[in-house]
Amino acid sequence: MRVVMMTLAAVLTLAAIGRAEPLDLKQVAADAKWVVHVDVDAMRHSVVLEKAYQKCLEMHKEAAQHMDKLPGMIGMNPRKDLHGITVYGKDFDKRKGVLILHADVNQKLLKEKAEKAPDHKVTKSGDYELHSWTMKCRQETQTVTGAWFKPNVMVFGGSQDAVKAALDVLAGDASGITGRDSPLAGRNLPGAMFIARAAAVDPKTRCPVLKQAESFRVVLGENEGESFYRARLNMKSTEAVDQVKAITEGFRALVSLSKGMDAEALKLIGGLKVTSEGKTLNISWKAKANDVWAAIEKVAKKMGEHKWKGGPPMKHGDAQKGSCPIHGDANKGKPCPKADKPKAQKPALREDDF
């Protein structure tokens, strides 16, 4: 859904600190097969993301001005109004998934925008108003339904039935995930920014590793100045476990042997641990957040200094990064003016042409 993509894109513009919105499994249907959660408030506490945000503002002076225009466009300022995003589904058809958005929004503005959407209509469901409209997603036209559970909690889905069911879970009229019986259950690690859990794997997945997995869970975050990543995969066989372990260890060895690796970068790689027990594979990594940011800055600097030395020789008419065989350096850094192509000569008329 475009709503999902727009919201996730807005997450990258975080700056202010607000109240936390960790994953609340009671808001997720008990029969859900997968769940993804983004704790936007936790991201605001991240040393790495805060430094990245400030660096972005330094590099793009106009970014803050564009962000200031968002409240009038999407009804909220993502830098302080967006708190958490939860997406889950009962099957592998992403169009049937449910999105729960925790944000302080301008309800009046969003309702006005919804009313102007194609094929907009309002349906009553108990105390809730369900707004439905059509939107183009890639090459397909899809119906989207949205509703407010609370002024700061919105629910979106691909059908009215999906939204109604999600509202029932939020209201406690239908079962959410409680206790430890669900394969999606589990505690929230302090500082978790991104959580993904799946009780089963989509058979259509293109990921070679997930093709060999029966279920998985992943968490990425930062807590008390330390960045962390954890993943647990229940594989289909012990052979699959050994394969993934070999790939991970091979990656670590390759990075460690790479030219130009300094002690700080090697220390980051040293934080990667891989263990297994039967068909269960555990991957964990942790490092000081300041060290992570220092490594990111070094990589970004090297990429900025990288100059393309290969490629075909410059031809007349190409965008000028070097010398043009005809114009020399006269148009360096500018589009090279192309000479008018000679008009093709028409063949002489034959006697049988008419």
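Of note:
- For the residues ALA265, ALA213, the requirement of being under 23 Å from LYS51 (Cβ atoms) and crowded, with 18+ Cβ neighbours inside 10 Å singles out ALA265.
- Looking at region 21-111, the strands (runs of 3 or more DSSP E) lying wholly inside it that each contain 2 or more residues that are in contact with a Pro (Cβ under 9 Å, 6 or more places away or on another chain) sit at 34-39.
- Within region 104-125, residues that are at positive phi reach partners that are of a type outside the set (Val, Ile, Thr) with beta carbons closer than 9 Å, at six or more positions or on different chains, in the pairs ASP119/SER132; ASP119/TRP133.
- Sole residue being on the phi > 0 side of the Ramachandran plot and either within 23 Å of the chain's Cα centre (by Cα) or surrounded by fewer than 16 Cβ atoms within 10 Å (Cβ to Cβ) (or both), chosen from GLY250, GLY157, GLY225: GLY225
- Test: residue in region 107-121 that is polar (S, T, N, Q) and closer than 30 Å to GLY225 by Cα: no
- Residues that are small (Gly, Ala, Ser) and more than 20 Å from the chain's Cα centre (by Cα) were ranked within region 228-245; the one that is farthest from ASN282 (Cα to Cα) is SER237.
- Within region 112-141, being farther than 17 Å from LEU167 by Cβ and among the charged types (D, E, K, R) holds for GLU112, LYS113, GLU115, LYS116, ASP119, LYS121, LYS136, ARG138, GLU140.
- Filter result for MET5 (among the aliphatic types (A, V, I, L, M), surrounded by fewer than 16 Cβ atoms within 10 Å (Cβ to Cβ) and either part of a helix (DSSP H, G or I) or modelled with pLDDT of 90 or more (or both)): yes
- Filtered by the rule that a residue be among the hydroxyl-bearing types (Ser, Thr, Tyr) and surrounded by 13 or more Cβ atoms within 10 Å (Cβ to Cβ), region 228-237 gives a lone residue, TYR229.
- Test: MET235 is assigned by TED's automatic domain parsing to the domain that holds ASP81 and touching a strand residue (DSSP E or B) at 6+ places or on another chain (Cβ under 9 Å): no
- Qualifying residue in region 197-212 (condition: within 25 Å of ALA287 (Cα to Cα), of a type in the set (Lys, Arg) and touching a strand residue (DSSP E or B) at 6+ places or on another chain (Cβ under 8 Å)): yes
- In region 128-137 there is at least one residue that is among the β-branched types (Val, Ile, Thr) and either in contact with a strand residue (DSSP E or B) (Cβ under 9 Å, 6 or more places away or on another chain) or crowded, with 17+ Cβ neighbours inside 10 Å (or both).
The values are calculated or read from the model by the stated rules, or taken from the named source; none is laboratory data. Here the structure is a predicted model, which means the values were calculated and not measured. In this analysis, Cβ positions are derived from the backbone assuming ideal geometry, glycine residues included, and neighbour counts consider all displayed protein chains.
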